[in-house]
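See structure below.
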Amino acid sequence: MKKRSIFPLVLMLLLIIFSISIYAIGSSTGNTDTTTPSTSSSESNSNIKSKSPNCEVQLTLNARIKCRLEQRGVSGLNITEESCRVLVNPANCQSLYAKVASCYELGSGKQKDRCFKHIAGFTSAKVMEQASANNKESLRNYLVFLLYDLQEKVENAYENGAITTEQASESISLIVQIKQKIFQNHTKSKIKPFFQELKAKLRGLNI
Amino acid sequence: MKKQMKKPKKINWPIIIAVIIIALILLIVISNKLTPSDNEKEVEKQQIPDSEYTDLQTSSDDLASIDETLELLD
């Protein structure tokens, strides 16, 4: 008699545990955003591991970038770490890079812009509307993504032999400096001179 | 002959409770799948036509967008 009353209870408990586990699995795979950073952060970790001590002893940013370009080419630049190292909490900066990494694989320029704005936290397509909504953090994130896109174009030009190591490292180090200033919440008056210098440099290179 | 008394059917409460709980859990799971998550809502909200976005093809496109966005910072 006792055995008969225990059996349904055990069955009930097993079914509840089983149902809860299915629910937990379902809710964890539903969030697509979490998968992207984890895969990309492993990429950034491998970048950090591949750091060569020879280039790290260089004192200036430009010298470090030039050294890496000469030794390992664009794949060994380790720019994510370089842009984030000036920050108190570099993990947030690195996770932002990891989140946006997939956007750079998109073929169309408009799709890329849509992806950047989505990751940056835009609520509409126009930058002006974000400024009106005082969404400054989104604007800063978007600027960083655009600078990274620009950097990719410089790297491509270098790989295609269109520019020298010197020209590439100077442009990239300027881009990195602007990104660092954006992350450090510098005012536009402090960022602008660097951007003007970068514009002049790129115009001269015809990238 | 003694009329046999009909024994009242014993209600098996643990099984009924188990069925109710499982049904409730299934209901929660199904409703969770049917209602869009926050991410899905965000995607739905962002049904903005492609024409609204900048075509970031060349470095000049990037520079122009950076220029425009930089002006909007403090």
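The values are calculated or read from the model by the stated rules, or taken from the named source; none is laboratory data. Note that the structure is predicted; figures quoted are calculated from it, not measured. So basically every Cβ, Gly included, is an ideal-geometry build from the backbone, and we count neighbours across all protein chains shown. Keep in mind that these areas ignore ligands, DNA and RNA; they rest on the heavy atoms of the full protein, side chains included. Shrake-Rupley method; radii C 1.70, N 1.55, O 1.52, S 1.80 Å.
For the stretch B:29-50, residues that are modelled with pLDDT of 70 or more, open to solvent by 90 Å² or more (accessible area, probe 1.4 Å) and assigned to a helix (DSSP H, G or I) total 3.
Only one of the listed residues (A:A125, A:A168, A:A157) is outside any helix (DSSP H, G or I), crowded, with 16+ Cβ neighbours inside 10 Å and among the aliphatic types (A, V, I, L, M). That residue is A:A125. For the stretch A:128-139, which positions are loosely packed, with under 15 Cβ neighbours inside 10 Å and either within 8 Å of chain B (Cβ to nearest Cβ) or over 21 Å from the mean Cα position of the chain (by Cα) (or both)? Once the filter is applied, which keeps residues that are loosely packed, with under 15 Cβ neighbours inside 10 Å and either within 8 Å of chain B (Cβ to nearest Cβ) or over 21 Å from the mean Cα position of the chain (by Cα) (or both), the stretch A:128-139 yields A:M128, A:E129, A:S132, A:A133, A:N134, A:K136.
Here the condition is being in the same structural domain as A:N89 (by TED's automatic domain parsing), closer than 18 Å to A:L87 by Cα and touching a Cys at 6+ places or on another chain (Cβ under 9 Å); of A:V176, A:V144, it holds for A:V144 alone. Looking at the structure I just gave you, is A:A162 away from chain B (no Cβ under 11 Å), open to solvent by less than 30 Å² (accessible area, probe 1.4 Å) and within 17 Å of A:K66 (Cα to Cα)? The answer is no for A:A162. Taking the listed residues A:Q167, A:Q184, A:Q151, the one that is within 20 Å of B:D74 (Cα to Cα) and of a type in the set (S, T, N, Q) is A:Q184, with no other qualifying. A single entry from A:K117, A:K179 fulfils the requirement of being within 8 Å of another protein chain (Cβ to nearest Cβ) and charged (D, E, K, R): A:K117. Only one of the numbered conditions (1) open to solvent by less than 60 Å² (accessible area, probe 1.4 Å); (2) facing chain B (nearest Cβ under 9 Å); (3) closer than 25 Å to A:K192 by Cβ is not met by A:S108, and that is (3).
Selection of first residues in the stretch A:86-97 that are under 14 Å from A:I182 (Cβ atoms) and of second residues that are modelled with pLDDT of 90 or more and open to solvent by less than 60 Å² (accessible area, probe 1.4 Å), restricted to Cβ pairs under 6 Å at least 6 apart or on distinct chains, gives the following pairs, ordered by first then second residue: A:V86/A:Q180; A:L87/A:F183; A:C93/A:F183.
Inside the stretch A:58-85, can you point out the residues that are surrounded by fewer than 16 Cβ atoms within 10 Å (Cβ to Cβ) and under 22 Å from A:K181 (Cα atoms)? A:Q58, A:L59, A:T60, A:A63, A:R85, listed by residue number. In the stretch B:51-70, the qualifying residues are those that are in contact with a helix residue (DSSP H, G or I) (Cβ under 7 Å, 6 or more places away or on another chain) and among the acidic types (D, E), and the one that is most open to solvent (accessible area, probe 1.4 Å) is B:E68.
Can you tell me how many residues within the stretch A:140-154 are in contact with a helix residue (DSSP H, G or I) (Cβ under 6 Å, 6 or more places away or on another chain) and open to solvent by 10 Å² or more (accessible area, probe 1.4 Å)? Result for the stretch A:140-154: 3.
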